[in-house]
Amino acid sequence: MTYKVDKLDETVTFKLPKKMIGLVKLILNFKGKNNDQMYGFYKSSYIEKGKEKYLLSSQFEPSDARAAFPCFDEPNFKATFDISFIINQSLEAVSNMPIKSSIKRSKGMKLVTFKTTPLMSTYLVYLGVGDFESVSGKVGNLPLRVLTIPGKKVYAKLALEYTKKFMSFYFKYFNIDYPLPKMDLIAVPDFSAGAMENWGAITFRDTAIFATNKSSSITKERVSITIAHELAHQWFGDLVTMKWWDDLWLNESFATFMSYKAVDFAYPKWDILGELYLDRSSAFLEDGLKNTHPISVEIKKSDDANSIFDSISYEKGSAILDMINDFIGDKPFSKGLNIYLKTFAYSNTYKEDLWDSIQKALQNDKKLKDVSINKMMKSWIENPGYPILDLKSNGKSLNIIQSRFFISGKKINNGNNWIIPMKYKVDETEYKAVIESKSTTINIPNNKRLIINPNQSGFYVTKYETPLIKKIFRDINSKDFDNKMIAGLVSNTYLLLKSSNIRIEEFIDLIEPGYKNISYPSLILLNGYLLGLYSIFYKTKISKKIKDLSLKLNQYIIKTVGFDKSKNDSEINKEVRFNAISNLVTMGDLDTSKKLSDISKKYFKNKSYDIDRNIKSSMYKNYALNGGPKEFEFLKKVYQENKDVVEKHIILSAFGYFNKSELYNKILDYSLSKNVKIQDSIYITSSFLILPGRDKIYFSWLKKNWQKLKNIYEPSTLMLLDFISELSYVNDESLEEEIKQFFSNKANLRFDVKSEYDKVIEKIDNNIRMLKNND
Ligand code: BES
Ligand code: ZN
């Protein structure tokens with residue numbers, strides 16, 4: 001039989017010997033090589049007792065199953081898989097299903113055969129071979145394991161505990177059994193993303209799963225969210241799958257949203273729902289660009305799906321789900337999901353299937369049964385961007401005008417309206433309304449205070465007249481505001497600043513008086529904003545005000561929660577302390593620096609000195625910030641000798657803090673040295689750009705190394721674009737010109753970085769405009 005390969009399209013076409021009708025059985029022999037580029041069926045390396053060892057693992061989403069075996073590599077072609085390996089007897093094989101048989105062969109080999117999988121998409125198939133060790137347990141009758149490379153299983157126990165808790169939650173919440181007979185979680189030393197939801201065999205980057213009870217609260221949070229996310233996919237994505245990649249959000253938005261529910265259920269004291277506010281904020285910033293895309297977007301070929309694993313599919317999608325969940329209530333929402341999963345198990349869906357299921361769940365709701373969920377959600381899923389509501393009140397009625405919000409401040413009326421599920425609060429009473437038109441007026445009872453979007457679950461910006469907003473901010477001090485709500489208000493105000501609706505002085509004047517009420521999660525948000533603003537304005541007079549506010553805010557936090565850990569610390573205390581100290585270091589607070597220097601002296605002298613994990617990263621950053629060439633050499637040694645992957649990652653993120661100009665290029669070069677895994681280089685470059693004024697140096701380094709970076713990072717890894725994202729700090733016209741010049745060369749603008757590049761240029765334009773407007 002003859003065949004034709006189209007390399008660009010990644011397809012092979014067979015010419016049948018004669019016309020055939022009915023079922024045709026095609027048997028193909030094929031061979032391949034395990035690459036070391038983290039896609040397809042690839043090779044990952046690690047050092048054991050001084051020797052380099054390998055394991056094999058797979059990463060197929062969205063379209064690299066075809067890099068391992070010929071298949072109809074699209075989500076809608078669900079099939080069953082029979083997988084077997086011939087491997088060395090000392091090794092272990094892992095796949096989606098449990099082992100059916102293992103038969104010894106000659107020359108120390110064995111044939112391992114797995115049970116047949118249920119109907120599933122190719123991108124979820126898993127192949128793994130290695131010298132694994134594991135911890136195991138059960139949830140109900142379901143066997144669970146966490147597998148690691150030799151010597152690391154101590155770091156896997158907590159993950160096992162999390163898995164048990166989250167699985168129990170999903171059993172209850174989805175009300176559908178987990179469909180496979182086992183669940184494995186595998187820590188892979190080389191991994192391009194954070195984790196991947198292969199059905200029954202979830203893979204993780206080691207730093208996204210390794211944790212112990214002593215880990216920092218940030219580490220525990222990240223690990224638990226990642227596990228909860230991938231476990232949610234076992235239902236959302238694996239059992240019920242989108243028909244085509246244009247509905248990728250059905251996977252990612254749900255897993256993101258559900259992960260918070262699961263963690264909140266298992267660890268209510270962590271107040272993890274605060275993360276929703278941080279996610280929403282990042283979605284607002286990305287989706288306020290002209291270069292955004294609707295949540296549901298046309299994808300022509302599988303490869304293009306790579307470009308939508310972004311904050312629109314994850315964070316915006318999750319925010320939209322939170323909005324509808326909050327509007328209709330928890331019960332109908334979870335009932336709707338249950339109908340959806342039951343109806344479409346083992347098959348594929350369009351987004352409408354989801355809304356229809358939720359609509360069914362609302363059948364008996366007197367107030368909401370006539371609201372068309374499909375029509376409402378369509379406007380959020382199919383329109384790019386989100387609305388800003390201009391609000392005017394005369395005390396008796398409120399006029400609302402909606403238009404699309406752009407960070408550039410532009411107002412373009414393209415006639416698209418959103419159907420907004422709006423909540424508002426008049427004094428202590430909450431109301432609901434569905435806003436459809438461009439301009440809407442609603443009657444409002446007499447009141448002392450009116451708040452639109454009171455718990456900030458709505459995905460829109462509100463612009464009150466000045467007296468109204470002043471009244472709200474004045475009340476922040478009255479303590480009857482939840483900190484999540486403060487986070488929402490701060491985020492809303494930051495968007496007004498970015499879009500030049502208000503000036504930076506106004507922004508500071510609104511926020512500053514309430515600084516004592518900033519805590520988790522508003523602290524994390526505000527610190528991020530202040531750091532970003534500092535980096536844009538650092539050459540101007542206003543930078544002092546920004547820095548002063550940041551110092552005042554974080555010093556106050558330390559005054560209230562203490563610099564040192566205490567026995568009664570809540571996770572929230574630990575987290576705000578960590579965040580405050582870290583920002584105090586970056587802003588150059590002397591007192592903090594002195595305390596941290598004392599700690600690092602003791603720690604470097606005696607490694608068993610028990611230091612609070614929550615301040616380790618600040619300690620390393622402070623060490624670098626105050627260090628020179630000698631300290632740089634020392635830190636490299638500390639990094640290379642350290643065996644704890646989480647701490648290694650923390651150390652990498654400190655390298656960028658060395659502040660002696662003669663070290664700049666050495667730091668950046670170190671990121672590409674053989675001592676740093678290619679999955680980790682970005683930690684150094686991104687920390688390099690946190691301190692202001694380094695964009696020129698970074699860009700000339702990037703230019704010089706671009707060819708090399710292109711060779712290191714294949715498009716499938718999605719990692720090259722991270723090096724471009726870092727340029728979004730640029731706020732200088734001549735540098736922007738240089739960047740444009742460089743990327744006007746088609747060879748430099750590889751297809752996998754194109755959409756990130758467009759966004760970065762828009763962000764630079766916004767920085768420059770913001771500087772000018774606030775002059
Ligand atoms: N399905 C993704 C992994 C993925 C990402 C595959 C990009 C192909 C391209 C997985 O479920 C995921 O979302 N992982 C996240 C972690 C999560 C906690 C947000 C990741 O890798 O960052
Ligand atoms: Zn996911």
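Rule-based calculations on the coordinates, nothing more; no lab input. Predicted, not measured: the structure shown is a model, and the values here were computed from it. Cβ placement follows ideal geometry from the backbone for every residue including glycine, while neighbour counts extend to all protein chains displayed.
Please report, in debye to the nearest 20, how large the charge dipole of the chain is about its Cα centre when each Lys and Arg carries +1 at its beta carbon and each Asp and Glu carries -1 there. Working shown, then result.
Numbers: 114 positive and 92 negative charges, 235 e Å.
Using only the charged Cβ atoms, the result is roughly 1120 debye.
Hey, which of these cross-link pairs are over 27 Å Cα-Cα: LYS574/LYS759; LYS375/LYS484; LYS369/LYS463; LYS565/LYS602? Flagged as over cut-off: LYS574/LYS759; LYS375/LYS484; LYS369/LYS463.
Global size of region 476-608: 16.0, 54 Å for Rg and Dmax (C-alpha atoms, Rg to one decimal, Dmax whole).
Computed from phi, the 3J(HN,Hα) profile of region 527-540 under the Karplus parametrisation 6.51, -1.76, 1.60 (θ = phi - 60°) reads 4, x, 4, 5, 5, x, 5, 4, 5, 6, 9, 4, 8, 9 Hz, with x in place of Gly and Pro.
Distant-in-sequence amide contacts of ILE186, defined by a placed amide H-H separation under 5 Å and a gap of 5 or more residues or a different chain, comprise LEU147, ILE202, THR203, PHE204. Averaging the Cα positions of each part gives two centres, and for region 207-254 and region 13-65 these lie 25 Å apart.
Between the C-alpha center of region 377-434 and that of region 151-185 there is a gap of 40 Å. If you wrap the tightest convex hull around every Cα atom of region 441-501 and split its volume per residue, you get 106 Å³.
For region 572-633, taking Cα atoms only, Rg and Dmax work out to 11.6, 37 Å respectively. Projected onto their three principal axes, the Cα atoms of region 96-210 cover extents of 49, 32, 26 Å, largest first.
The mean of 1/r over all pairs of different alpha-carbon atoms in the chain, once inverted, gives a Kirkwood hydrodynamic radius of 27.9 Å.
Take the Kirkwood radius over Cα pairs of region 533-603, plug it into Stokes-Einstein at 4 °C and 1.567 mPa s, and you get 99 µm²/s for translational diffusion.
Region 704-775: percent of C-alpha pairs farther apart than 13 Å?
In whole percent, the share of Cα-Cα pairs in region 704-775 beyond 13 Å is 66.
Near the amide H of LYS53, within less than 5 Å, lie the amide hydrogens of TYR46, ILE47, GLU48, all on another chain or at least 5 residues away, with H placed in the peptide plane.
Counting only DSSP beta bridges with both residues in region 91-223, what percent are antiparallel, rounded to the nearest 5?
Working: 18 of 27 bridges.
Antiparallel: roughly 65 percent of the beta bridges in region 91-223.
Peptides 336-349, 614-627, 380-393: what's the order by average Cβ count within 10 Å, highest mean first? Please report the intermediate quantities before stating the final value.
Values: 336-349: 17.8, 614-627: 23.3, 380-393: 20.1.
Descending mean neighbour count gives 614-627, 380-393, 336-349.
Using the average count of surrounding beta-carbon atoms within 10 Å as a protection proxy, the listed peptides 464-474, 192-202 rank, highest first, as 192-202, 464-474. The helix-based estimate of mean residue ellipticity at 222 nm for the chain, built from -39,500 (n - 2.57) per DSSP H run of four or more residues and divided by its residue count, is -13500 deg cm²/dmol to the nearest 500. Could you name the lysines in cross-link range of LYS18, using Cα to Cα under 20 Å and dropping any fewer than eight places away on the same chain? Partners within reach: LYS4. The modelled label-to-label distance between PHE751 and ASP564, using points 7 Å beyond Cα along the C-beta direction, is 6.0 nm.
So what is the relative contact order for the chain, in percent, with contacts set as C-alpha pairs under 8 Å and at least six apart?
Working: 1294 pairs, mean separation 65.0, N = 775.
Worked out over the chain, it gives 8 percent.
The overall shape of region 345-429 is oblate: from the C-alpha gyration tensor, with semi-axes ordered a ≥ b ≥ c, the ratio a/c is 1.5 or greater and a/b is no larger than b/c.
Selection among SER755, ASN774, LEU735 by position relative to the dipole of region 721-775 gives SER755 as farthest towards the positive end (Cβ unit charges, Cα centre). Please work out, to two decimal places, the log10 of the ratio I(q)/I(0) at q = 0.14, 0.18 Å⁻¹ from a Debye calculation in which every Cα of region 392-525 carries one identical scatterer. For region 392-525, the Cα-only Debye profile gives -0.66, -1.12.
Using the Karplus relation 6.51 cos²θ - 1.76 cosθ + 1.60 with θ = phi - 60°, the per-residue 3J(HN,Hα) values for region 571-578 come to 4, 5, 4, 4, 5, 5, 4, 4 Hz, with x marking Gly and Pro.
Temperature 10 °C, viscosity 1.306 mPa s: under these conditions the Stokes-Einstein estimate for region 424-476, based on its Kirkwood radius over C-alpha pairs, is 129 µm² per second. Listed values for region 691-708 are Karplus-derived 3J(HN,Hα) couplings in whole Hz (6.51 cos²θ - 1.76 cosθ + 1.60, θ = phi - 60°), namely 6, x, x, 10, 5, 5, 5, 4, 5, 5, 5, 4, 4, 4, 9, 4, 4, 4, and x replaces Gly and Pro.
Computed over region 278-387, relative contact order equals 36 percent, with contacts defined as Cα pairs under 8 Å that lie 6+ residues apart.
Which entries in the list LYS78/LYS115; LYS616/LYS708; LYS630/LYS703 go over 26 Å, if you measure between the two C-alpha atoms of each? Please report the intermediate quantities before stating the final value.
Working: LYS78/LYS115 17 Å; LYS616/LYS708 33 Å; LYS630/LYS703 28 Å.
Checking Cα-Cα distances, LYS616/LYS708; LYS630/LYS703 exceed 26 Å.
Given a Förster radius of 56 Å and the C-beta distance between ARG474 and GLU48 as r, what FRET efficiency does 1/(1 + (r/R0)^6) yield to the nearest 0.05? Here the calculated transfer efficiency is 0.35. Lys-Lys pairs in region 641-688 that are eight or more residues apart or on separate chains and whose Cα atoms lie under 23 Å of each other come to 8. Antiparallel beta bridges, as assigned by DSSP with both residues in the chain, represent about 80 percent of the total such bridges.
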